[in-house]
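Taking it in order: structure first as structure tokens, then the write-up.
The values are calculated or read from the model by the stated rules, or taken from the named source; none is laboratory data. In this text the structure is predicted, and so the values were computed from the model without any measurement. Glycine gets a Cβ as well: all are built from the backbone with ideal geometry, and neighbour counts include every protein chain shown.
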Amino acid sequence: MKIKNVSKNLILYLFILHFLLVNIVHSNGLFDQLFKIQHTTNIDVRLIGFDSLEQDELKILLNKLNKDYSPTILYPKLQTIDLIKQNHKFNITEGSHNLNEEIKASVKKYISEFQHRSTLKQDEYLVPFDIVDNIIAQDYKQQNHISYVVYIINTIYDREDSIEKYTYSQLNSTTINTLHRDGINVVDHLCNVKLWQSKSESPNNPNNSNDGSGRYVWIDIGAETCTYGPQTKGTGLISNQQLPHTNSRFTKKLYDISTFFYHTIRQLISPPIYEIPEKYGWIDLEIQLIMIHDHLVGQLEVSEQFDWESIKEQLGEKMPLLPNQRITFSKREVSLLNNLYAAQIKQSSLKTHHSVLKGTQQFLDSKELHHWFKVHIQKFIPSYLDDSSKTIIPIFLFDISYKELLLLDRYYQAVSFPDMVIGIQTQSGLMKIDYQCDKQLGINPMDATKPILQSLLMTIWGVGSNSLVVNENSKQIENNFIWNIGYNPSNMFTNLKDLSFSQTDSAIRNYLYFDIISSIDSLKSIMDHIGDDETWEEFTHSIDNPSVRSIDSFFKSINSTITQINSNLQLHQYSKAYDRINQLSDLAMNISSVIHKIHSSKHSYLECEKSTFLLSEFISISFTTIIVIYFLYKVLRKSLF
């Protein structure tokens, strides 16, 4: 009996002790519980040619994907942003009968009229992607979507049809017909696919005509696809068996569609953040191209293929900016023949690698180049350090005329650094790479446009390749190339240079996330400090803000602003979200100034890196501990004796 009484009393007093300890840390945990950003992304799913049973089962599977998770930052060390939670809300609808019939009729008509076949797979007809994309884009514009839209096309064939295999080319119909008319058969030069993503809309003209822009993707599960990805080693290879297909059994088909959605969400709609840019927070940005030729400046070079105008269009017109941001572009040209610094930097970075398979190969060490360009930066950009209000991101692009292959670090045409981008292009022939589209691929070393564009996205906005994913089990960074097709600058499987919605949305979203973290962390530190150092009554009497007169009003002010931010992010209202985030920043700054004022005679956390020792707190905690120990002793003594 005594043992039971001892147990009961121990439990009671341990509970009291736990309650006291919880109250000590309550203020620290309360903020985290109440003020997390909940970024909900709406995804409309349009099922074309599916029956009601498939729709119901697919709805169940997709709803299981709707889990909260924190955004991931890949580098320099894998980490999550725990103050922000992302989730995805699916709205599954049936595509109209007219939409289904129009797609089927258009694809069948093209196959019947032109009968273009894949040169690698003679049993497959080749259809330009825009035959379907034009129809999908028109439907997307008519619906006036604020969500991302995923179109799932079941099949173009009716039961009575004679079924033929077909696939989609990443070349449009005009290009394919022109090439065939000229007797050039390069239809297999790019990967043939069964899925597509829209290119990014221009913020200045979001309601443009049917030009294939928007926030939509589509997949024709009745079509075939090539095997694309690494050829000899590496993760992320995509084959026809890994993607949903009409011929699969009922359960496998639906599970494959669900898996396709999982990868689409994690790689295209809400991809991880590559890194937090060093130049984050810029207002006035100048992207300056410095072309370093191995011939005299001004000498006509008909073989140069670098598309500077395309980069200016994609980043200057397509990239959404915050209300106070602007981007300008400039270009300078220098020659290795008369610029001593450029010549020495190149020469000091030139290395040689020897292997049994490839023999002796020269390359430029990108880290060496980066070091010396930083040392001599003002020799190339005299105003680099003059104007603190302007951020300059230089692109140092070597344009080499000779025919020998020369790359950065043996493999790359461009490399991203926190403060610059370095690239190279040469006049050597098609360079074979360790990637495939049913056969080994090659890239054009004379044109570094796409690698430079992708590197700029990484340096300025922290947007990486869509192929980079985090393995949920091993927590390792891996590749999955399912969406490295179409409009994607990191895509080696096509020569398209347009950005998709994935890159532009990621860029603005990353910056808003960084601002949110900064603002909420500041407010949390302030709240913890006030709760530790003095009562809320003393603090609120000192602040000149009629809306903040109690801890409740302080919470309500923050919570109301966060609710509005959540809504703005959900509706892609990035400028409005930015204004709300600034309200949090202003609140943090105002409260910080008050703390400085009323703590002018105290040891404030804002003025010292070490924590303040408060005698009153020490006495209070010590007294509470002694009382608890005394009562425990009395109870134990009475129970036992």
message = What pairs come out if I take residues in the range 472-494 that are charged (D, E, K, R) and pair them with residues that are surrounded by fewer than 24 Cβ atoms within 10 Å (Cβ to Cβ) and outside any loop (DSSP other than H, G, I, E, B) whose C-beta lies under 9 Å away, six or more apart or interchain?
response = GLU478/LEU468; GLU478/VAL469; GLU478/VAL470
note = When the range 314-359 is checked residue by residue, the ones that are more than 14 Å from ILE395 (Cβ to Cβ), assigned to a strand (DSSP E or B) and of a type outside the set (S, T, N, Q) are ARG326, LEU350, LYS351, HIS353, HIS354, GLY359
inquiry  = Just checking, does the range 537-552 include any residue being modelled with pLDDT of 70 or more and either touching a Lys or Arg at 6+ places or on another chain (Cβ under 8 Å) or surrounded by fewer than 18 Cβ atoms within 10 Å (Cβ to Cβ) (or both)?
reply    = yes
ask   = Identify, please: which residue in the range 136-164 is at pLDDT 85 or above and charged (D, E, K, R) and is, among those, surrounded by the fewest Cβ atoms within 10 Å (Cβ to Cβ)?
value = GLU164
ask   = Quick one: which of GLY236, GLY222 is of a type outside the set (A, V, I, L, M), assigned to a loop (DSSP other than H, G, I, E, B), closer than 21 Å to ASN495 by Cα and at pLDDT 90 or above?
value = GLY236
request  = Examine the range 194-203 for a residue that is modelled with pLDDT under 85, of a type outside the set (Gly, Ala, Ser) and within 23 Å of the chain's Cα centre (by Cα), and state whether such a residue exists.
outcome  = yes
Given (1) assigned to a helix (DSSP H, G or I); (2) out of contact with any Pro (no Cβ under 9 Å at 6 or more places or on another chain); (3) buried (at least 18 other Cβ atoms within 10 Å of the Cβ), number of the condition ILE292 does not satisfy = (1)
query = Does ASN42 fit the bill of being farther than 22 Å from ARG249 by Cα and either exposed (fewer than 13 other Cβ atoms within 10 Å of the Cβ) or in contact with a Ser or Thr (Cβ under 6 Å, 6 or more places away or on another chain) (or both)?
reply = yes
task = Would you please name the residue that is nearest to LYS89 (Cα to Cα), looking only at residues in the range 120-151 that are free of Cβ contacts under 8 Å to residues at least 12 places away in the same chain and part of a loop (DSSP other than H, G, I, E, B)?
result = ASN144
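Yes or no, residue by residue, for (1) polar (S, T, N, Q); (2) touching a residue at least 40 places away in the same chain (Cβ under 8 Å); (3) over 14 Å from ILE292 (Cα atoms):
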| site | (1), (2), (3) |
| --- | --- |
| SER330 | yes, yes, yes |
| GLU333 | no, yes, no |
| ASN338 | yes, yes, no |
| ALA343 | no, no, no |
| LYS346 | no, yes, no |
| LYS358 | no, no, yes |
| GLU368 | no, no, yes |
| PHE380 | no, yes, no |
| SER383 | yes, no, yes |
message = Kindly evaluate ALA105 against the criterion of being under 30 Å from LEU569 (Cβ atoms) and either in a helix (DSSP H, G or I) or in contact with a Leu (Cβ under 9 Å, 6 or more places away or on another chain) (or both).
response = no
query = Filter the range 81-98 for residues that are more than 30 Å from LEU53 (Cα to Cα) and surrounded by 14 or more Cβ atoms within 10 Å (Cβ to Cβ); which is farthest from the chain's Cα centre (by Cα)?
reply = LEU83
